[in-house]
Amino acid sequence: MSKLSSRHLLGLENVPRQDMELILDTSVTFREVIDRTIKRVPTLRGITVVNLFYEASTRTRISFELAEKRLSADIVNFSTSTSSVKKGESLRDTVQNIEAMKIDMVVVRHGSSGAPYFLTQCMDANIINGGDGAHEHPTQALLDMFTVREKYGSLDGLRVVLVGDIKHSRVIRSNIWGFKAMGASVALCGPSTLLPYEVEKFGCDVYTDIDEALDGADVVNVMRIQLERQKSGLFPSQREYTNLFGITKDRLKRLNKNYTIMHPGPMNRGVEISSEVADSKNSVILEQVTNGQAVRMAVLYLLSGRKEEEGS
Amino acid sequence: MASKKYDLVISNGRVIDPALGFGKIADIFIKDSKIVKIEKETAVTKKEKSSLAKDQLIDATDKLVVPGLVDIHVHLREPGKESAETVLSGCQAAAAGGFTTICCMPNTQPRIDSQETVKFVQDRAKDAPARLYVVGAITKNIEGKELAEIGDLVKMGAVAITDDGHYVQNPEIMRRALEYASMFDIPVMQHAEDQYLVDGGVMNESYQSARLGMKGAPAVAEEVAVLRDLALCRLTKSRLHIQHVSSKGAVEAIRRGKAEGINVTAEVTPHHLILTDEEIGKEFNTNLRVNPPIRTEVDREAVIEGLLDGTIDCIASDHAPHTEEDKDAEFDKAPPGMIGLELTLGLIKTFLIDKGFLSWAEAIRKMSYVPARILNLPGGTLADGSQADISIIDPDKTWTVKKNQFFSKSNNTPFIGQKLSGLVSATILAGNIVFDRNKELN
Amino acid sequence: MTVATKAVLDQKKIARAITRITHEILEQVDDHKSLGIIGILTRGAPIARRIAAQIKELEKIDVPVGLMDISLYRDDVHSKLDQPVVQTTDILFELANRNVILVDDVLFTGRTIRAALSQIVDFGRPKTIQLAVLVDRGHRELPIKADYVGVNIPTSKNDMVVVKLIENDGEDIVFVETEKLKQDKKGKN
């Protein structure tokens, strides 16, 4: 018997390594469930999960939804376009209304950092952060970690390079905390205008030269570059970004032999990653998608039924 | 029989008047809303006191008796958002916090950019338990585009101008404002944060904003704004007052400006003296959201140092009430600001006096005499013949900040639950007791 | 707290019980090649393997053995303070037309077997499913009955039946503990 130290998953910063290990270990079982003929277990029967999405998201929402369905949970989808959010209802009122419908767990995606924490303060349900502002996206990082662990057996001692918009990426933040806690060394690389102020305090190596960053690395996790950033003047052009930071076959020579290419999707092919790299045998981009369901099933399973009395 | 010689006597308190350099146990005699004399007890005064009626005598044994405190930076939300604060509730909060004089900022709805709005606010304060002075807008509707009718505002009683909440971003407009204001010998109070650099930031730009993924408002936005305005102030030979200084860079810029002889003054808030941005990630408490934002320990130490060496002249609360409903939101969606009037004294006592940064006399000076001088207001002293605006303080009384204890209509402060030392026990305005904590308790 | 311990089966008796179960299975099921054995994790697994090994010895045929973790099919997941650690279910043979022998160490309330039956149904459609247990301790909460029983042990409801097997624990022994705390994690259901 074993359990997570928290009844919510709000982020990976300050989450103990043993919690992450429990999630990854449990994910192995769910990965196997996904390969069964009947990809469904009755584990969360009677549990109602709300997918509360304040930001448009296709992939994460579908991944959570499938994970919930495969655990036999009852599902309610609530997204901004179909809700009263536009009528000016406060987050607290919305959430309390949802809770009054007797639900058990909430997966929340929100544009404001800290919104999942806010939810824990106004409802009793188990809260899973599906991405909050530029803060954290813990299940994405866990699935990245799971995918890497499946390949190498352990994350200890691996060198992981995160490339892209370090300043605005929640995936990168969760990746930093997760990979570091599991013993990997993490390097960050992106244009200096997309590095947050005091980035060195994350305790990662920081590069603005992609070739230096890739030197001797095992895993390259490439982030989508938001085209809006270019419009707000953070880099001069897409073309220049591709020239300076795009992951192309030529640049992979500096990596360790058994290297791995990752991308959380959706990809801008030919911008941050070339098709040749994205589709190569070292790319695990589609495995990430499959593993995402297993990891989300594990998180849902481990948090389900956890009540307040047990302590945080 | 009530004495006719005096209306009120404050007996046996430790009287501190930094302006006079006075600091000993004495009695204060008040007649016709003025201070008649301050004296150590003598046989004569002992007899005089014994002839007073019970309600003419305040026993201030073991208390501090100081000039009524002056806060030159408060937001009352009337007109426009009376659910957060009214002129009256704001003045009641002032009295409970030991303030007898407060200056309200013009960013109400409508803005205080015309004689009518000045007069409206003044009228609302007529029977209020604090003196209220109005600060008018620099530009029409605080849009930063055209100067407001500053002459009219001054004629109606505005004591300064500011677009507080907004930086006068256009340097040409700011230059004209400084030049124009100098005709009336009033300072231009500036919320110094360059909006292009702030760029929608919701907390200080630092490792904390980086790890929380919040949009950061850099400290350099303040420094750049201060530097520009110092240059404009030098050029126009006018008076500039920098509001709520929050960053090391701004402190150093002001220090250099003063050394050079530029006519600049500055204020700092209790929260910038006490809090850092590391608090925010703990609970995403929206009461920690404030503009300019609470910054790093380096900045906090710099503003304390600036206050000690006189670079920063005075303490002001930037009392900014918001309703609980407005603050009960996502961090980046909550309006910035926190209340201060009822907490400033206890916070300064606990975090600056008790920690050895300031003496009582220095603290009182920076909360009464100095701010009064910056805006040419009466008060801030107990000199014979001055108005009898007096605060009586229980200097070592410990208390805990509670959400439901405020006279302010709002309770947005991150200090709820904080244990403080130093509490106002009574406030006297023009010789009348406008706040008496003992009566509040009964 | 004092715990009274009573040894019920030693190594010899365990071996004898498993041998008897094996013989009964071979007697009951005509088509030995149709057999498949599924051990319920954790201690049903070594028993399943021992039965398969004995069949191999006696009949010279390889009976496939699968392992099943029933955590995901339990009906008490949300009422437990601790989540059971989920182990991997590993059934590599086709269930259709098999005569499946489900194996567990202790039969108590019957809920574990109920969960296992649900899971087997999700994996495929065996011809028959039969149940073999090393110990039947009574106190059923569901209408479930074992087809092959090593030993019946009368117990009171709060007793603990502890099964240790060489493969997992380094020794073969079964004993009963009385007066144990209810929430003791070895509580077998």
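Every number here is computed from the coordinates shown, using simple stated rules; none is lab data. Quick caveat: nothing in here was measured; it's all calculated off a predicted structure. Every residue, glycine among them, receives a Cβ derived from its backbone with ideal geometry; neighbour counts consider all protein chains shown.
Taking a ≥ b ≥ c as the square roots of the eigenvalues of the Cα gyration tensor of the range B:68-374, is the shape rounded (a/c under 1.5), prolate (a/b larger than b/c) or oblate?
rounded
Can you pick out the pairs among B:Lys119/B:Lys409; A:Lys3/A:Lys201; B:Lys54/B:Lys349 whose Cα atoms lie more than 28 Å from each other?
A:Lys3/A:Lys201; B:Lys54/B:Lys349
Taking B:Asn287, B:Asn204, B:Asn404 as the candidate residues, the one with maximal mean-square fluctuation in a Gaussian network model of chain B, Cα springs under 10 Å, is B:Asn404.
Counting Lys and Arg as +1 and Asp and Glu as -1 over every other residue whose Cβ lies under 9 Å from the Cβ of A:Val277, the net charge comes to 0. Computed log10 I(q)/I(0) for the protein assembly as shown at 0.06, 0.08, 0.09 Å⁻¹: -0.60, -0.87, -0.99, from the Debye equation with unit scatterers placed on every C-alpha and solvent omitted. Look at the dipole of the range A:1-59 built from charges on Cβ: of A:Ile38, A:Ser27, A:Leu52, the Cα furthest out on the positive end belongs to A:Ile38.
Given R₀ = 45 Å, FRET efficiency for B:Lys355-B:Ser83 by Cβ-Cβ distance, to 0.05?
For B:Lys355 and B:Ser83, the calculated efficiency is 0.75.
Put simply, when B:21-30, A:205-214 are sorted by average Cβ atoms within 10 angstrom per residue, most first, you get B:21-30, A:205-214.
As a test of the formula, what do you get for chain A when each DSSP H run with n ≥ 4 contributes -39,500 (n - 2.57) and the sum is divided by the residue count, at 222 nm and rounded to the nearest 500 deg cm²/dmol? Spell out each step's value before the answer.
Working: 11 runs with 116 residues, N = 312.
Per the formula, -11000 deg cm²/dmol.
For the residues of B:279-287, the average number of beta carbons from a partner chain within 10 Å of their own beta carbon is 3.
Near A:Arg40: Cβ cut-off under 9 Å, other residues only, Lys/Arg at +1 and Asp/Glu at -1. The net charge is +3.
Anisotropy class assigned to the range C:4-178 is oblate, per the alpha carbon gyration tensor with a/c at or over the 1.5 cut-off and a/b no larger than b/c.
Between A:Asn268, A:Asn51, A:Asn14, find the one with the highest GNM mean-square fluctuation for chain A; connect C-alpha pairs within less than 10 Å. Result for chain A, Cα springs under 10 Å: A:Asn14 fluctuates most. Ignoring lysines fewer than eight residues from B:Lys355 along the same chain, the ones with Cα atoms less than 27 angstrom from its Cα are B:Lys24, B:Lys63, B:Lys248, B:Lys282, B:Lys366, B:Lys397, B:Lys402, B:Lys403, B:Lys419.
Let's test the formula: R0 of 56 Å, r as the Cβ-Cβ distance of A:Val271 and C:Glu179. What FRET efficiency results, to the nearest 0.05? Using R0 = 56 Å, I get an efficiency of 0.20. What does the net charge come to around C:Asp90 if you take all other residues with beta carbon closer than 15 Å to its beta carbon, with K and R at +1 and D and E at -1? After counting each charged neighbour, the total is -2. Here the contact order of the range C:4-178, divided by its residue count and restricted to Cα pairs under 8 Å and six or more residues apart, works out to 26 percent.
Rounded to the nearest 20 debye, what is the charge dipole size of the range C:4-178 about its Cα centre when +1 sits on each Lys and Arg Cβ and -1 on each Asp and Glu Cβ? Don't skip to the answer; put the middle values down first.
Numbers: 23 positive and 26 negative charges, 56 e Å.
That gives a dipole near 260 debye.
Would you order B:Ile102, B:Ile428 from fewest to most other beta-carbon atoms within 10 Å of each residue's own beta-carbon?
B:Ile428, B:Ile102
When the convex hull of its Cα atoms is viewed from all sides, the range B:82-130 shows a mean projected area of 3.3 nm². Packing here is the average count of other Cβ atoms within 10 Å per residue, and on that basis the peptides C:3-13, C:117-127, highest first, run C:117-127, C:3-13. With neighbour counts taken as other beta-carbon atoms within 10 Å, the residues B:His166, B:His272, B:His75 rank, fewest first, as B:His166, B:His75, B:His272. Sorting C:156-164, B:45-53 by their mean Cβ neighbour count within 10 Å, with the most densely packed peptide first, gives C:156-164, B:45-53. Candidate cross-link partners of C:Lys157 among the lysines, defined by an alpha-carbon separation under 19 Å and a same-chain spacing of 8 or more, comprise C:Lys6, C:Lys80, C:Lys145, C:Lys180, C:Lys182, C:Lys185, C:Lys186, C:Lys188. Spin-label model, B:Glu39 to A:Glu198: label points 7 Å out along the Cα-to-beta-carbon direction sit 5.9 nm apart.
Counting only alpha carbon atoms, the long axis of helix B:248-260 and the longest principal axis of chain B meet at about 70°. If you sort the three axes of the alpha carbon gyration tensor as a ≥ b ≥ c, you get a/c of 1.5 or more for the range B:276-337 and a/b no higher than b/c, which makes it oblate.
Take every Cα pair under 8 Å whose residues are at least 6 apart in sequence, average their separation, divide by the length of the range A:213-281, and the relative contact order is 48 percent. From least to most packed, judged by other beta carbons within 10 angstrom and beginning with the fewest, A:Thr260, A:Thr147 follow the order A:Thr260, A:Thr147. Within 10 Å of the Cβ of each residue in B:211-222, the mean number of Cβ atoms contributed by other protein chains is 5.
Per residue of B:144-152, other chain Cβ atoms within 10 Å of the residue Cβ number 0 on average.
Taking a straight Cα-Cα cut-off under 25 Å and skipping sequence neighbours fewer than 8 places away in the same chain, the lysines within cross-link reach of C:Lys56 are C:Lys12, C:Lys13, C:Lys33, C:Lys127, C:Lys164.
Using the beta-carbon distance between B:Glu279 and A:Val206 and R0 = 35 Å, what value does 1/(1 + (r/R0)^6) give for FRET efficiency, to the nearest 0.05? Computed FRET efficiency for B:Glu279 and A:Val206: 0.85. Each of A:Gln226 and C:Asn152 was given a label point 7 Å from its Cα along the Cα-to-Cβ line. The distance between the two points is 7.0 nm.
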